[in-house]
Amino acid sequence: MDEAARLARVQGRFALAQAFDKNDDLAMHEDLLMLAGGNNQWDPKAVQDRTRLGRPLYTANRFPSLLAQITGEVRANPPAISCTPADSDATPEAAQVFEGLIRSIERLSQAQQVYSETVELSAGAGKGHMRIVPVYADDESFDVELRIRSIKNVHAVKWDPAAQEFDKADANWCIVVSELDRKGFEEAYPEAGSAGWAKAQTGQRKLDGWHTGGADRVTVAEEWEVQREPYTRYRVAHTVEGFRLDPATGIPQLLEPTGEEEIIDADKDGLIDGMPAKEFIAGVEAEGWQVVGTRTAYRKKICMYLWGGSKQLAGPIEWKGNRIPVFTVPGRQTHVGGETIHAGIIRHSRDAQRLHNWARATDLEAVSLSAKASPIVPDDAIEGYEDEWILAQRQPVPYRRYKAKPNMPAPKDGEPINSNPGPNSLAQAGVQDMEDTSGVNAAAQGKRSNETSGKAIEAREAQTDVGSFVFIFNLRLIVESIGRELVAAIPHYYSTRKQIMILGQDDAPAIVELSNIKLDLGKYHVLAKTGPAYATKREQSAERLIELLKVAEPWMRAPLIMRALPMLDMPDAEETIAELRAVGEMIGALPPPQAPPGMPGMPPGMPGAPPMPGQGPMPNNVIPMPPRGAPQGADPLAGVSVPVSPRSAPAAPARVGDGRMSAAQPGM
């Protein structure tokens, strides 16, 4: 496909995604304007009229404090990624390396801030975006590392509308747009011209179409595409007798069925080991292998093309992972027919916020006018002095002049305007409506309510957690997807490293040698958990141990002290522990240190020595010797089956397929 055809295709995709997200984009844009506050929370016509008449425009933006309850929960209990082996090829050591390296990537990426920014957009507007990017380790290194980055513009990511998975893992394409000013774009890409895809608007910029010039800003876009290469996969089992010619003698040899199963893959051209698939499978069947299953599988290749206006700036650039490395955290989702509507806590609280602002402004206006009731004046009594009387309505003046005439009463002030409780009641109703629609109540914000007991307050806070938990839950699911993609990409991007730094749960760094750890073998289960950070757990554990120490028996106190001290962040903690241990051993409060297991020179049966015969199961590779006093000539190998291949034993099944077939000699 030439560049012109590819440009036409990506423009079509962009237009399709933009039309699909049109309603969401408009609603999210208004949500973000409401979050920004100020006159954005008033109707534009009301702003114009009140400004012209000098009426107050009061705004009490309550949305930031409501969002802070959700983002504060993420900051206090950030999601943590854990890895465990999921098949026989995976190892606990490799899982530990994956987990520690992911923790290091998160620390270098400041991922906690990325997660909180993303969930703030998700809870505020309905969507938040993140991505994984490969970067050089430093300005001079060739080593590539992975980082987690946030995408701050909620309108910047356009997904394939056909994607159905929650985390968009099944998307065939995705477009990510960013903007440069014209001068910066021309300096960065001098051969691309100044054509842009979309014109920028003020505020949180949203895209209004495909533009090819005439704007002060130019949009640079990444087109991500999943290319699938089909191939045929065969599942074969060695279930019947077969024959193979001995390469030395040319005599057919009988192959007994072994019951083994293997997978054979053909390439995109239908070849297996350079032979047509039908011929190769026929040869395998002659040796006793039967095809028990076949299917069409796909090899995925994720590529990115960089576009600037009508020019392709770079690409294809391959991403060594399993999916497009862009991740969207949705807010509340409502499915209406074939359309999915995304919303945060602001969407359904807009009217309540506007009601609150209007009621407060009306109450403020009434109070300000209560002491300045409109005066009652006869006709022509203040002619020529109108400005003085108008000024007196706005500020205190020492006197007011008027024209006195016979038989004409003097001007007088009108009756003060009585306070109207209606606006204040409406303002309180607006606050209650915002709490009800957002799911964040006053108790969660630290304000006193009608609850008095601790149980009642905890129950009210739990209601808030449930009401806003959807945003935390969605973030956790997407962080799990990020963890799975990091596990898939790490073996490719860190394969040239001999050593890497990982972080433990306590953020303690450690250097790991990769020569003996195979990160590219096996499958791993990735789970993201939310809860207190490791330091918080240490502090909580130390507090509980100290509380237990107050009521502990004397014999329990010394072990509890030694257990609690390492959890306290205090200077010279190790020296203090060593001194206390020495004193405790001296006075007998602590037991002496145990010898490590397996120390040389220890007699059998003693602590630290190997077990005596009969104390435990013997390893499979150890041959038990006869006890002392046994008859001479007893064969220590009697009863032990040692597999030996006779000369007449048939040859082992040959290697087939992708090199994973059994090729070992019988008995090995």
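The values are calculated or read from the model by the stated rules, or taken from the named source; none is laboratory data. What you are looking at is a predicted structure, and each value in this text was computed from that prediction instead of being measured. So basically every Cβ, Gly included, is an ideal-geometry build from the backbone, and we count neighbours across all protein chains shown. Ligands, DNA and RNA are stripped out before the accessible areas are found, and what is left, the full protein with its side chains, is counted by its heavy atoms. Shrake-Rupley method; radii C 1.70, N 1.55, O 1.52, S 1.80 Å.
Quick one: which residue in Ile382, Ile324 is touching a strand residue (DSSP E or B) at 6+ places or on another chain (Cβ under 9 Å) and over 30 Å from Met130 (Cα atoms)?
After applying the criteria, what remains is Ile382.
If you go through the range 215-261 and keep only what is open to solvent by less than 70 Å² (accessible area, probe 1.4 Å), farther than 30 Å from Glu187 by Cβ and among the small types (Gly, Ala, Ser), you end up with Ala237, Gly242, Gly250, Gly259.
When the range 478-521 is filtered for residues that are crowded, with 20+ Cβ neighbours inside 10 Å and assigned to a strand (DSSP E or B), only Ile500 remains.
Can you tell me which of Arg235, Arg228 is under 30 Å from Thr340 (Cα atoms) and at pLDDT 90 or above?
Arg228
So is Ile341 modelled with pLDDT of 80 or more, within 23 Å of the chain's Cα centre (by Cα) and either crowded, with 17+ Cβ neighbours inside 10 Å or closer than 27 Å to Met34 by Cβ (or both) or not?
Against the criterion (modelled with pLDDT of 80 or more, within 23 Å of the chain's Cα centre (by Cα) and either crowded, with 17+ Cβ neighbours inside 10 Å or closer than 27 Å to Met34 by Cβ (or both)), Ile341 qualifies.
Across the range 313-338, the qualifying residues are those that are assigned to a strand (DSSP E or B), closer than 29 Å to Tyr115 by Cα and touching a residue at least 60 places away in the same chain (Cβ under 8 Å), and the one among them that is farthest from the chain's Cα centre (by Cα) is Trp319. Contact map, the range 92-113: first residue free of Cβ contacts under 8 Å to residues at least 60 places away in the same chain, second residue part of a helix (DSSP H, G or I) and of a type outside the set (Val, Ile, Thr), Cβ cut-off under 7 Å, separation 6 or more or different chains; pairs are Gln112/Arg75.
Residues that are over 18 Å from Val326 (Cβ atoms) and among the small types (Gly, Ala, Ser) within the range 141-155 comprise just one, Ser141.
Quick one: which of Gly283, Gly308 is on the phi < 0 side of the Ramachandran plot, small (Gly, Ala, Ser) and in contact with a Phe, Trp or Tyr (Cβ under 8 Å, 6 or more places away or on another chain)? Going through Gly283, Gly308 in turn, the sole match is Gly308.
Scan the range 531-542 and give yes if some residue there is outside any helix (DSSP H, G or I) and either modelled with pLDDT of 75 or more or among the aliphatic types (A, V, I, L, M) (or both), otherwise no. Within the range 531-542, one or more residues are outside any helix (DSSP H, G or I) and either modelled with pLDDT of 75 or more or among the aliphatic types (A, V, I, L, M) (or both).
Residues are listed down the side, and each one gets a yes or a no for (1) out of contact with any Pro (no Cβ under 7 Å at 6 or more places or on another chain); (2) more than 28 Å from Pro491 (Cα to Cα):
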residue	(1), (2)
Val114	yes, no
Lys127	no, yes
Val135	yes, no
Phe142	yes, no
Leu146	no, no
Ser150	yes, no
Pro161	yes, yes
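Taking Glu435 as the residue in question, decide whether it is out of contact with any helix residue (DSSP H, G or I) (no Cβ under 8 Å at 6 or more places or on another chain), at pLDDT 80 or above and not β-branched (Val, Ile, Thr). Against the criterion (out of contact with any helix residue (DSSP H, G or I) (no Cβ under 8 Å at 6 or more places or on another chain), at pLDDT 80 or above and not β-branched (Val, Ile, Thr)), Glu435 qualifies. Checking every residue in the range 295-304 against the condition of being surrounded by fewer than 13 Cβ atoms within 10 Å (Cβ to Cβ), of a type in the set (Lys, Arg) and within 30 Å of Gln11 (Cα to Cα) gives at least one match. Evaluated against (1) free of Cβ contacts under 8 Å to residues at least 12 places away in the same chain; (2) within 28 Å of the chain's Cα centre (by Cα), Gly283 falls short on exactly one condition, (2). When Ile272 is tested against (1) in contact with a helix residue (DSSP H, G or I) (Cβ under 9 Å, 6 or more places away or on another chain); (2) surrounded by fewer than 17 Cβ atoms within 10 Å (Cβ to Cβ); (3) in contact (Cβ under 8 Å) with a residue 60 or more places away in the chain, just one condition goes unmet, and that condition is (2). If you go through the range 297-315 and keep only what is of a type in the set (A, V, I, L, M, F, W, C) and closer than 30 Å to Tyr234 by Cβ, you end up with Ala297, Ile302, Cys303.
Look at the range 1-55 and say how many of its residues are within 26 Å of Lys158 (Cα to Cα), assigned to a loop (DSSP other than H, G, I, E, B) and open to solvent by 60 Å² or more (accessible area, probe 1.4 Å). Adding up the residues that qualify gives 2. Considering Asn441, Asn450, the condition of being in contact with a Ser or Thr (Cβ under 6 Å, 6 or more places away or on another chain) and either part of a helix (DSSP H, G or I) or modelled with pLDDT of 55 or more (or both) is satisfied by Asn441 alone. Where strands (runs of 3 or more DSSP E) sit wholly within the range 225-312, those with at least 3 residues that are under 30 Å from Lys158 (Cα atoms) occupy 289-308.
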